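This report concerns only the one structure given below.
The values are calculated or read from the model by the stated rules, or taken from the named source; none is laboratory data. Quantities reported herein were computed from a predicted structural model and do not represent experimental measurements. Don't worry about glycine lacking a Cβ; one is built from the backbone with ideal geometry, like all the others, and counts go over all protein chains shown. To get the accessible areas, we keep the full protein, side chains included, count just its heavy atoms, and leave off ligands, DNA and RNA. Shrake-Rupley method; radii C 1.70, N 1.55, O 1.52, S 1.80 Å.
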Amino acid sequence: MKEDYNFLQIEKKWQEIWEKEQIFKALEDPQKTKYYCLEMYPYPSGYIHMGQVRNYSIGDVISRYKKMSGCNVIHPIGWDALGMPAENAAIRHGVHPQKWTLDNIAHMKCQLKKLGFSYDWSREVNTCLPEYYKWNQWIFLKMFEQGLAYRRISWINWCPRCQTVLANEQVIGELCWRCDSVVAQKEMEQWFLKITDYAEDLLSGHEILEKWPEHVLLMQKNWIGKSTGAHTVFPIVDSSKSIEVFTTRIDTIYGATFLALSPEHPLSRELIGDSPQREKFEEWIGRSISDFRLKKKLGTEEKEGIDTGKKALNPFSGDKIPIWIANYVLMEYGTGAVMAVPAHDQRDFEFAKDNSLSIKVVINPENTSLTENELEEAFEDYGKLVNSGPFSSKTSEEAIKEMAAYAEKNGFGHESTMYRLRDWGISRQRYWGTPIPVIYCEKCGIVGVPYEDLPVMIPHEVELKGEEGSPLEKVPSFVNTTCPHCKGNARRETDTMDTFIDSAWYYFRYTSPHEEKLPFDTKSADYWLPVDLYIGGVEHAILHLIYARFFTKILKDLGFTSIIEPFPRLLAQGMVIKDGAAMSKSKGNVVYPDDFVEKYGADTLRLFILFASPPEKEFVWSDEGVEGCHRFLHRVWTIVQENLDLFNKDSSEARRKNKEGETITLIEKKIHQTIKKVSEDIENRYHFNTAISSIMEFYNFIKKEKDNLRKDERGRSLLKEALETLVLLLTPFTPHICEELWERIGNSTYLIHTPWPAFDPDLAKEEIVTIVVQVNGKLRAKFEAERNLSQEEVKEKALSLSRIQAIVGKNKVNKIIYVENKLVNIVL
RNA sequence: GCCGGAGUGGCGAAAUUGGUAGACGCACUGGACUCAAAAUCCAGCGGAGCAUUUUGUUCCAUGUGGGUUCGAAUCCCUCCUCCGGCACCA
C-alpha cells in the first residue's frame, strides 16, 4: 500500500520520540573519541532567522555524521540572553526585559525543535540566569585579583539630550539612535580588561589555528596590529622634561623636522603654558579632542595644529626642532607623540606643507636622489640614507638595526614592539547585563564582592525609561551596601558588563552546565574541549573570536583548563542574501523559517539551505529552489515505498557478499562511489552541496536501473542495499524522513546509532576509464580503456583512432603527453 | 588609502593536484498521462555554424587584456566590477 509523504506528521513524530528517548544526550565516555560540535548560540531576539537555520543545519550535519561514524558527540545550544534589545523592548512596550527574554527563548526553542536539530537540551545554557552570570562575576574577580581587570578614565559616546552613555552600536552616523542628537565624547571612569597583555599570545596562537580560514586570521592579525620599531627620547630644550616617541622608521630620524603631540598628551597643556594665545589653545585643544574622538571623522579631517613655541632636541642630529600639537596624532597608540619626518611620511608631509615647516630628505631611492623642493609627496619606501651623520649611505634595513642599538647604548632609546590592540572596555551603563561585582568604600577603596556573596543579582524591580545614565543607579537597594572589609556604608558599582564576556566562555559551561562550585568542572572541560568544529557567521571574525581566545588563555593561566586555543577549527559561514542584500529586518527582505517548515517541512528547508551553496560562501535565497528539494524528498519517499516488498521477503538476508566469479555490477560501483564521495565531502571539505548532488545522482541511477534489478535475486538484493544506502547517506541532511523510511524498511534502531556506511575502495574504483585524446591541447577524441593500461598501449590506441589519424595526417608528431588513466595529448 | 576575497549558462552552482568546462538542481521548451488542469513521468536545454535520416561535426565561450605551458576557470602580470575588513596606528 503506497502512502503519501506526510512530512508534518513524520517530523512531529520523530521529534517527539527523539526528545522522549533523549538520544542526543552526551555523556562522558573515555573509551570513545569525543567530538565537540559547536555553533554560535543565538541572541533571543524573538525569531530564529535564516542565517541561524543555516548555521545550525551545518552543525547538525556534522554532529549526526560524527555520531554515525562512532564518535561521542557533544552538540549543545544555549542563549546569549543579556543585552540591549531586551531593554529597548522594555522602554518601548513596557515589558520587563526578563519576561521579554524568557518568552523569546521559549518561542525560539520551539522553532529549533521543529527543525529537528540534534541538540543535547539537558546542557542548555542561558546567560541571563544568575546560575550563569554568577560565573562572569567570579571570573571577573579572578581577573581583578590578577590586575587584569582595572579601572581608568576613558572616552565614551555621550548623548547630551538623553544624558547617557551610548555603546558604539547605538551611535548611528554620529547621531543618538534614540533622539537623533549629535553624540558627544566624554571622559568617564570605566572598567577594562587587559587584553593587551595577551597581544603576543593571541598573535602567536595563530600558528595552531592552521584550520581557520586565512582571511579570518588575517583580520585578527590586522586587528592586533603588531609593529616593531624603537622608542626614542627627545629632551625639551630649556627644561628637565622630555618627550618620548615611537617610530618604526628610526632610519629617518635625521629628517625629523618637528615633533607632534596628541592634544591629549599630558605635556600638551603644560607646553602651551603661559603663551599669549593660551585661551585660544585651550579652546582648540578641547574641541580637537572631542572632534577627533568622533571616529567617522578620523582620517578625513583636515590636519590642524598649534605651535607650542617650545623646542626639542633631536638626540641623533642635535637639531633643535619645534614642538607642535597636532590633531592627527593618536593618544592611545605608541606614546601619543610622534617625530614628524615630512620627507618620508605622507601625513607629516601634508602637515608640514600646510604649516610651512621644513622638510629634509634623508632617504634616497635606489639610483636617484631627491630634493626637498621637488618633492610632491613623501617618499615612504626603504632606500639609502643621506644627511644622516655617521649612518649616511647605509640602507634603511641596516640603519633601523644599528640606530636602535646606538640609541640604546647612549641611553636615549631602545628597540620596541607596539600593538594596535586596545584594552577591552567592558563597562556598560545598562540594566540587562551582568553587574560588575565591585563595591566602593570611602575607607577601603575599590573592593571586590566576596566570592561567597555571588551572584550580585540583577535587581528585578527597576524603572527603565531610557533616560539619564545607568538604570541601576536609581535602585537604592542595589546601590547601597556595606563594605565587606570594614562593614561601613559603601556603594555598589552600577555598571554592567559587556555581553561579549558571556560568549567568551559559554562553550566551557556546556561541558558541565550544572556545576555549582566553579564556572565549569575542569575534568569535564578537559574531556570535551577543545571544540572540534566551531561554526558561525563571519561577522564575528574579530571581536567574539578574539575575546573567546583571550578568555581561554586567562582560564589556562588560572589553571582551570589545559587548552590554549578553544577552537582549533573554524568554519566561517557566509551570509544569507536575498534580493542582493544580507537578510535584515531593516532591509525588509527577511524570510522566516516557520512558513517554510509549515509548507514543505524542516527536512526540505534544511536540504535546500545546504544544497544551494557551500557553507563558506554567501547563500542566495530563492523561493523556487525549495520546490526542487521538496520534489527530491518526495521521489526518495516514493522509490522506497514502491520497493518495500524487497525488505519484507528476504529480510534475513542482509547485505550479501559477491559470490566467486560474479562480476561487479554498475549498481555496486555506484553505491560505493557515492558513499566515498559523500563521506569525503562531509568530512574533509564541508561541501554539503556537492555531497547532496551526488546523492541525487545516486537516486537517478537507482531510478533508472530499478526495473532491471528487480528481475533477478541478486539484482533485488543490490537494489535493497542501494535503497538502504540512500537513506543512510541522507540522514545527516534530512533526518526525519530518513528515520521514518528506516523504520518502514524494517529497522528498529535509531539512525543516529546506526553506523555510517563504509565503502570498499576496490568497488569504488572505476575499471574502465575514459581516455581523452587531444591534439595540440584540443579535445579530438575519446575512448574507453581498462584502468592502468600501459602507457605504450594507450598511446598506440590513441594514434590508431581514425579521427586522430585524419587530423595528424602527414604532420610530424613532436611528442606525446600522457597522463595516467586520463589523457593523451599529441603535439604536432 | 591599505589588506583580503570573489567574478563560470537565464539562475544557484560543479570542475578537490594545471588535464573532457557547465555535474546536480532551478527556470524554460517539447512530449506522455488527463475531458481539462495540477501533480507525476519521459526527453531537450551555453552560443554560433556546417552537414544531416538521427548517429554527427567545426568554431567560439569561465569579468578585461597579456604571459607561462603540450594543455589554464585553475599559475603570473595589467585593468574593470562587486563584496568584506581596517582606516591619520607613526
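Miscellaneous remarks
- Looking at region A:686-828 alone, DSSP beta bridges between its own residues are antiparallel in about 75 percent of cases.
- With the simple spin-label model, which puts each label point 7 Å out from Cα in the Cβ direction, the A:His93 to A:Lys241 separation comes to 5.6 nm.
- Remark: region A:95-105, residue by residue, has Karplus-estimated 3J(HN,Hα) of 8, 5, x, 5, 5, 4, 5, 5, 5, 4, 4 Hz, where x stands for each Gly or Pro and the curve is 6.51 cos²θ - 1.76 cosθ + 1.60 at θ = phi - 60°.
- For A:Tyr119, the accessible area of its heavy atoms, probed at 1.4 Å with every protein chain present, is near 10 square angstrom.
- Relative contact order of chain A, taken over Cα pairs closer than 8 Å and 6 or more residues apart, is 14 percent.
- Gyration tensor verdict on region A:434-541 (Cα atoms; rounded if a/c is under 1.5, prolate if a/b is larger than b/c, oblate otherwise): oblate
- Solvent exposure of region A:580-635 amounts to 46 Å² per residue of accessible area, where only protein heavy atoms count and the probe is 1.4 Å.
- Cα gyration tensor shape of region A:13-110, rounded if a/c is under 1.5, else prolate or oblate by comparing a/b with b/c: prolate
- Rg/Rg_ref, region A:536-580, where Rg_ref = 2.2 N^0.38 Å and atoms are Cα: 1.52
- Principal semi-axes of the equivalent ellipsoid, √(5λ) from the alpha carbon gyration tensor of chain A, are 60, 41, 23 Å from largest down.
- Where A:Tyr328, A:Tyr254 fall by accessible area, highest first, once all protein chains stay in place (1.4 Å): A:Tyr328, A:Tyr254
- Loop-located GluC sites (Glu not before Pro) in region A:463-550 (DSSP state other than H, G, I, E, B) with a sparse environment of at most 16 neighbouring Cβ atoms within 10 Å: A:Glu463, A:Glu467, A:Glu468, A:Glu516.
- Pairs over the 20 Å Cα-Cα cut-off, from the set A:Lys211/A:Lys617; A:Lys186/A:Lys310; A:Lys194/A:Lys553: A:Lys186/A:Lys310.
- Phi to ³J(HN,Hα) by Karplus 6.51 cos²θ - 1.76 cosθ + 1.60 over region A:210-215, Hz, x for Gly, Pro: 5, 9, 8, x, 4, 5
- Averaged per residue, region A:1-119 has 41 square angstrom of accessible surface, using a 1.4 angstrom probe with ligands and nucleic acids left out.
- Here the 3J(HN,Hα) profile of region A:677-682, calculated from phi with Karplus coefficients 6.51, -1.76 and 1.60 at θ = phi - 60°, is 4, 5, 4, 5, 5, 6 Hz, Gly and Pro shown as x.
- Exposure check, 1.4 Å probe, all protein chains in place: A:Glu187 carries approximately 110 Å² of accessible surface.
- Dmax and Rg, reported as Rg then Dmax, of region A:332-459 (C-alpha, Å): 25.3, 73
- Part-to-part distance (alpha-carbon centres) for region A:678-711 and region A:532-579, which is given in Å: 34
- Rounded tilt (10° steps) of A:735-744 against the dominant C-alpha axis of chain A: 20
- The overall shape of region A:711-794, judged from the alpha-carbon gyration tensor, is prolate: a/c is not under 1.5, and a/b is greater than b/c.
- Note on A:Arg780: accessible area approximately 90 square angstrom, rounded to 10, probe 1.4 Å, nucleic acids and ligands left out.
- Angle between chain A longest axis and helix A:50-68 axis [Cα atoms, degrees, rounded to 10]: 60
- The modelled label-to-label distance for the pair A:Ile17/A:Lys617, using points 7 Å beyond Cα in the direction of Cβ, is 3.6 nm.
- When region A:676-773 is described by a simple charge dipole with +1 on each Lys and Arg Cβ and -1 on each Asp and Glu Cβ, the residue from A:Phe759, A:Met696, A:Asn747 located farthest towards its positive end is A:Met696.
- Signed unit charges on C-beta, dipole axis of chain A, positive-most listed residue A:Leu723, A:Gly469, A:Ile224: A:Leu723
- Structure-based [θ]222 nm, chain A - -39500 (n - 2.57) summed over DSSP H runs of at least 4, per residue, nearest 500: -11500 deg cm²/dmol
- Just the protein heavy atoms count here, and of the accessible area of chain A at 1.4 Å, carbon and sulfur take up 49 percent.
- Projecting the Cα atoms of A:Pro437, A:Ala399, A:Ile768 onto the dipole axis of chain A, where Lys and Arg carry +1 and Asp and Glu carry -1 at the beta carbon, places A:Ile768 farthest toward the positive end.
- In straight-distance terms, cross-link reach from A:Lys815 covers every one of the lysines whose alpha-carbon lies under 16 Å from its own, apart from those fewer than eight places away in the same chain; here that gives A:Lys778, A:Lys795, A:Lys797.
- Per residue accessible area in Å² of region A:404-456, where ligands, DNA and RNA are left out and the probe is 1.4 Å: 46
- Spin-label model distance (nm) - A:Glu766 vs A:Glu270, 7 Å beyond Cα toward Cβ: 7.9
- Projected area, mean over directions - region A:55-138, Cα convex hull, nm²: 6.9
- 5 angstrom amide H check on A:Ser470, placed H, neighbours 5+ away: none
- Where both bridge residues fall in chain A, DSSP classifies roughly 75% of the beta bridges as antiparallel.
- Paramagnetic reach from A:Met219 in region A:546-583 [backbone N under 15 Å; point 7 Å along Cα→Cβ]: A:546-549, A:570-576, A:582
- Proximal lysines to A:Lys384, defined as alpha-carbon separation beneath 20 angstrom and excluding residues fewer than eight positions away on the same chain: A:Lys360, A:Lys394, A:Lys401
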